[in-house]
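Participant: My questions will all concern the structure given below.
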Amino acid sequence: MIHRILRLVFVFTLFVLGTQYSVAQRKNKKSKNKHTTEVVTTPQDTIATYQGDFKEDFLRAFFKESGKIVFNGAEFKFVLSLLLTDTGEVNEVIVLGVDNSNVKERMKTIAMSVGTWNPKVKEGKHVKSQVTIPFVIKQSDFIMTPADLNKLLEKNKE
């Protein structure tokens, strides 16, 4: 008997709570919302971007100026790390993976002159940033092995 009474009280409680929830929903749907909501948009943070393809522009300028480079290996890998100002100018260039100081200096000069970047935006303001760009050049017409260089030098001696 006690179990039956407890079960009835429990069912009645669930019924009452469910009714309150549905009545509350109906009232909210019927009532007109007189509140206005103000939406404030904040400028989105963006990374520094380059108009076009920086790798292609850099390599085109580099090989146009340098001609062929001598490299012993299947792939020529290097990394350019560009430090950009808040206006998008390239301020400093760090070259990793190149031992030859002349080639390194040419790469720095070309990277600084290729073009300007759209600067990084943080909290609505242009800020300084760093962009790291890896390069991998495989079997290019612009790369020759030391053996190819020796053959070319022998031909020129004749």
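Participant: Take the stretch 115-130 and flag every residue that is assigned to a loop (DSSP other than H, G, I, E, B) and either among the polar types (S, T, N, Q) or modelled with pLDDT under 90 (or both).
Facilitator: 115, 116, 123, 124
Participant: Within the stretch 62-71, can one find any residue that is in a loop (DSSP other than H, G, I, E, B), at pLDDT 70 or above and surrounded by 13 or more Cβ atoms within 10 Å (Cβ to Cβ)?
Facilitator: Within the stretch 62-71, the first condition is being in a loop (DSSP other than H, G, I, E, B), and the residues that meet it are 67-68, 71.
Adding the requirement that they be at pLDDT 70 or above leaves 67.
Those left that are additionally surrounded by 13 or more Cβ atoms within 10 Å (Cβ to Cβ): none.
No, the stretch 62-71 has no match at all.
Participant: Within the stretch 102-125, count every residue that is in contact with a strand residue (DSSP E or B) (Cβ under 7 Å, 6 or more places away or on another chain) and over 16 Å from residue 61 (Cβ atoms).
Facilitator: Looking only at that region, the number is 4.
Participant: I've got another one for you. Out of the stretch 75-101, which residues are under 16 Å from residue 62 (Cβ atoms), assigned to a loop (DSSP other than H, G, I, E, B) and either in contact with a helix residue (DSSP H, G or I) (Cβ under 8 Å, 6 or more places away or on another chain) or at pLDDT below 90 (or both)?
Facilitator: 98, 100
The values are calculated or read from the model by the stated rules, or taken from the named source; none is laboratory data. All figures in this text were calculated on a predicted structure; none of them were measured in a lab. So basically every Cβ, Gly included, is an ideal-geometry build from the backbone, and we count neighbours across all protein chains shown.
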